[in-house]
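The values are calculated or read from the model by the stated rules, or taken from the named source; none is laboratory data. The structure displayed is predicted, hence computed values, not measured ones. When we count neighbours, we look across all protein chains shown, and the Cβ atoms used for this are built from the backbone with ideal geometry, even at glycine. Calculation scope for accessible area: heavy atoms of the full protein, side chains included, ligands and nucleic acids excluded. Shrake-Rupley method; radii C 1.70, N 1.55, O 1.52, S 1.80 Å.
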Amino acid sequence: MEITPLGDSALLIRVAQNLEDAPEETLNRVLATKRALEAAKIPGIVELAPAYTTVAIFYDPAGALNAGAPAENIFRWIEERIRGVLAEGNETQTDRIETRIVEVPVCYENEFAPDLEDVARRVGIHWKEVVDLYCGAEYRVHCVGFTPGFPFLGGLPQELATPRRETPRKEIPAGSVAIGGKQTGIYPIKSPGGWNLIGRTPLRLFDPQENAPALLRAGDRVRFRAISREEFERSTIEPTGVERDGRAARRGELSGESEST
């Protein structure tokens with residue numbers, strides 16, 4: 001396990017060298033590392049961000065100093081405490097990782113899927129087969145980033161892998177579902193992007209007014225379900241007079257359950 005500085009108030013823990021050899025096991029180890037460090041409550045640490053094979057740790061130098069860290073080497077002081085926590089083998093206790101299963105409804109109508117037929121031509125099948133393959137797989141969130149709440153999903157069927165567009169778009173609508181190389185993802189807000197757009201979801205993936213602004217988090221399992229244009233339109237209308245749980249309340253259709261991995 002490598003621990004290296006990441007600027008003057010952050011560090012990076014590399015749990016494994018690559019994800020491809022054992023993606024499930026590696027991601028679970030990353031999540032177990034994050035969970036162990038959260039539970040340890042090391043002074044000065046303010047945020048942990050898991051992604052692929054690493055956990056980024058952001059810390060407040062003043063908080064570490066107040067807890068006794070030497071001013072000349074705060075990084076080493078925090079590193080020693082991290083190694084002390086992980087020396088107990090906490091990062092290998094992956095059997096208790098809680099995994100949410102989130103169903104994402106997607107409309108694949110032409111106006112929402114400008115690249116769907118191009119993807120179909122590239123992989124040599126009908127666009128309806130692309131949709132069937134895409135919806136038949138289960139995905140896992142490996143990382144959240146690029147824009148707030150953007151989930152990078154592993155698990156794309158190999159036959160659907162499609163290179164990024166040669167010319168990125170200057171503006172992609174929020175909710176656009178896309179394929180980029182061997183990964184897939186969902187644009188949570190309007191932004192530029194170079195992935196192939198194959199559909200759109202009415203779910204709101206990012207809401208800064210929520211305590212947890214991003215709908216998806218690293219480790220979540222995602223399943224896509226095809227919906228009609230009519231269902232898409234209905235799903236974007238928030239019901240009134242119904243008191244609902246905060247996160248599900250703004251989503252229209254969010255099916256969630258959890259399992260241990």
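Numbers below:
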read-out: Number of the condition not met by residue 95 [criteria: (1) in contact with a helix residue (DSSP H, G or I) (Cβ under 9 Å, 6 or more places away or on another chain); (2) in a helix (DSSP H, G or I); (3) modelled with pLDDT of 95 or more]; value: (3)
read-out: Single residue of region 20-44 satisfying the filter (open to solvent by 20 Å² or more (accessible area, probe 1.4 Å) and in a loop (DSSP other than H, G, I, E, B)) that is nearest to residue 63 (Cα to Cα); value: 43
read-out: Matching entry among 144, 130 (being within 19 Å of the chain's Cα centre (by Cα), in contact (Cβ under 8 Å) with a residue 40 or more places away in the chain and buried (at least 20 other Cβ atoms within 10 Å of the Cβ)); value: 144
read-out: Which listed residue is farther than 17 Å from residue 10 by Cβ, of a type outside the set (Gly, Ala, Ser) and open to solvent by 70 Å² or more (accessible area, probe 1.4 Å), from 47, 72, 80; value: 72
read-out: Those residues of region 183-200 which are touching a residue at least 40 places away in the same chain (Cβ under 8 Å) and either open to solvent by less than 20 Å² (accessible area, probe 1.4 Å) or aromatic (Phe, Trp, Tyr) (or both), in sequence order; value: 184, 186, 187, 188, 191, 196, 197, 198, 199
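A quick yes/no check of all residues on (1) of a type outside the set (D, E, K, R); (2) modelled with pLDDT of 50 or more; (3) part of a loop (DSSP other than H, G, I, E, B):
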position	(1), (2), (3)
199	yes, yes, no
209	yes, yes, yes
233	no, yes, no
240	yes, no, yes
